1. For segment 346-396, enumerate the residues that are among the polar types (S, T, N, Q), closer than 23 Å to Gln414 by Cα, assigned to a loop (DSSP other than H, G, I, E, B) and at pLDDT 75 or above.
2. Return the residues of segment 258-289 that are assigned to a loop (DSSP other than H, G, I, E, B), under 24 Å from Trp43 (Cβ atoms) and open to solvent by less than 30 Å² (accessible area, probe 1.4 Å); say none if nothing qualifies.
3. Looking at this structure, is Val239 surrounded by 18 or more Cβ atoms within 10 Å (Cβ to Cβ) and out of contact with any strand residue (DSSP E or B) (no Cβ under 8 Å at 6 or more places or on another chain)?
4. Among (1) at pLDDT below 95; (2) of a type outside the set (S, T, N, Q); (3) closer than 25 Å to Gly381 by Cβ, where does Lys193 come up short?
5. Within segment 64-73, is there a residue that is touching an Asp or Glu at 6+ places or on another chain (Cβ under 8 Å) and over 25 Å from Thr270 (Cα atoms)?
6. Do any residues in segment 339-358 that are more than 19 Å from Ser318 (Cβ to Cβ) have Cβ atoms under 6 Å from those of residues that are small (Gly, Ala, Ser), where the two are at least six apart or on different chains, and which pairs are they?
7. How about segment 65-78: which of its residues are open to solvent by 30 Å² or more (accessible area, probe 1.4 Å) and outside any loop (DSSP other than H, G, I, E, B)?
8. Taking into account only those residues within segment 90-124 that are of a type in the set (Lys, Arg) and assigned to a loop (DSSP other than H, G, I, E, B), which is surrounded by the most Cβ atoms within 10 Å (Cβ to Cβ)?
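The values are calculated or read from the model by the stated rules, or taken from the named source; none is laboratory data. Keep in mind it's a predicted model, so treat the numbers as computed, not measured. Reconstructed Cβ throughout: ideal geometry from the backbone, glycine too, with neighbour counts over all protein chains shown. Calculation scope for accessible area: heavy atoms of the full protein, side chains included, ligands and nucleic acids excluded. Shrake-Rupley method; radii C 1.70, N 1.55, O 1.52, S 1.80 Å.
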Amino acid sequence: MKLKHLFICIIIVAFFSFMNAPLAQAISAASQPEYQGIDVSNWQGYINYEQVKKSGIEVVYIKASQGTTIKDAYFEINYENAKRNGLKVGFYHYLTAKSVQEAENQARFFASVISGKIPDCKLVLDYETFGNVNATTINQIARAFLETTKRLTNKEVILYSNLYNSRTVFSKQLAQEYQLWLANYTTRASVEKATSNWNSWIGWQYTDRGRINGINGSVDRDIYTKEIFLDNPEKLPSVGNSSGTPSTQTIFYTVKKGDTLSKIAKIYGTTVSELAKINQISNPNLIYPGQKLRIVRNAIVEGDEERACGCIIYTVKSGDTLSKIAQKYVVTVNHIVEINDIKNPNLIFPGQKLRITESRDNTINETVNPNRDQTYIVRKGDTLWAISRKFGVTVNYLASKNNIKNPNLIYIGQIIRI
């Protein structure tokens, strides 16, 4: 009889523990109606926002900053032209912090970059690569950035995350306090069947291959709900930057006698076409001494890769070919050509930025012949995604084969079975 009572007690305790456990839940749009949007950075180059507006786009999120020294090269001009053409504007920061202190410093830098601007939309934390930081620390870092940014700007801040991280990395408590801009490249039906620690999204980035008049190449496409908008779209307060000098982004050049756009473009590592667009020069062969030109320079990043918005921005080096780059990231040349709108695959140049995303090609294998299994030892800077590209398999395959619960968390020296 005692055993029977004990068994019943165990069942009751287990039942209530299950009922009180923080379960992931289905996710859907927070409300109706919905607003068509895009998110942009220096990768898109100069954008004709008049054409963007005519294409039906209502909201544009603009990358403002990254780390503690990188102000996006096109932040100012994107903001000015988007506002001028009546688009609703929001700002995001790409977080690279590995500690709470770094997160607070980056929040201050973000606030300093957007000082004096008038956003229409809530500010956004883009936090998507974690290195070897554990889940507890990841949530502490995210919270530090979100709280510090809100305190400095007096504006609401939300989190950008893919579906996996929204379910397994970012905590239920964080989901209860901050709204979500979801990145998931699938159908609405698939999203609504998926589970997350959030029960709704106020932004959904549904593709990285959107095509919009006024933008060369592909652009991220988004849908937003009314909750994305600020209740008080007022001028942001002035915030000083104590994190160091931002990398030079915009130069105002005074044309001298004998100058040509071609000569100026070569000096500053840009193109005649880009100079003409930015400065609204109808005849590139006609400039005059004393004329003021705005020159936008790309952000200075460490190494040849910049991660943001779910993709890699690769900077072409001397000696590179599309074939060589495609092999490095285990994608096809056609993949790179398509997403970067390259007219001549045999013509790329040092300093050119190429966007590389998760391959949609059938050349990526879900299984590997067990007779050819091999191992890989994780090195500093490795990610499971990069390893999957190297060996031509998927992240899910590697995670399953190696019993990795969190694909964002691998360790230096860890042995990965391929």
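1. Within segment 346-396, the subset among the polar types (S, T, N, Q) is 346, 352, 357, 359, 362-363, 365, 367, 369, 371, 374-375, 383, 388, 394, 396.
From what's left, closer than 23 Å to Gln414 by Cα: 365, 367, 369, 371, 374-375, 383, 388, 394, 396.
Still in the running and assigned to a loop (DSSP other than H, G, I, E, B): 367, 369, 374, 383, 394.
Hit for segment 346-396 is Thr383, nothing else.
2. Result: Ile281, single match.
3. On the way: surrounded by 18 or more Cβ atoms within 10 Å (Cβ to Cβ): yes; out of contact with any strand residue (DSSP E or B) (no Cβ under 8 Å at 6 or more places or on another chain): yes.
It is true that Val239 is surrounded by 18 or more Cβ atoms within 10 Å (Cβ to Cβ) and out of contact with any strand residue (DSSP E or B) (no Cβ under 8 Å at 6 or more places or on another chain).
4. Result: Lys193 fails condition (3) only.
5. Within segment 64-73 (the criterion being touching an Asp or Glu at 6+ places or on another chain (Cβ under 8 Å) and over 25 Å from Thr270 (Cα atoms)), the answer is no, since none of the residues qualifies.
6. The qualifying pairs are Ile339/Ser218; Asp341/Gly217.
7. Within segment 65-78, Lys71, Glu76 qualify.
8. Taking segment 90-124 and keeping what is of a type in the set (Lys, Arg), we get 98, 108, 117, 122.
Within this subset, residues satisfying the condition of being assigned to a loop (DSSP other than H, G, I, E, B) are 98, 117, 122.
On the way: Lys98: 15, Lys117: 17, Lys122: 24.
For segment 90-124, the residue satisfying everything is Lys122.
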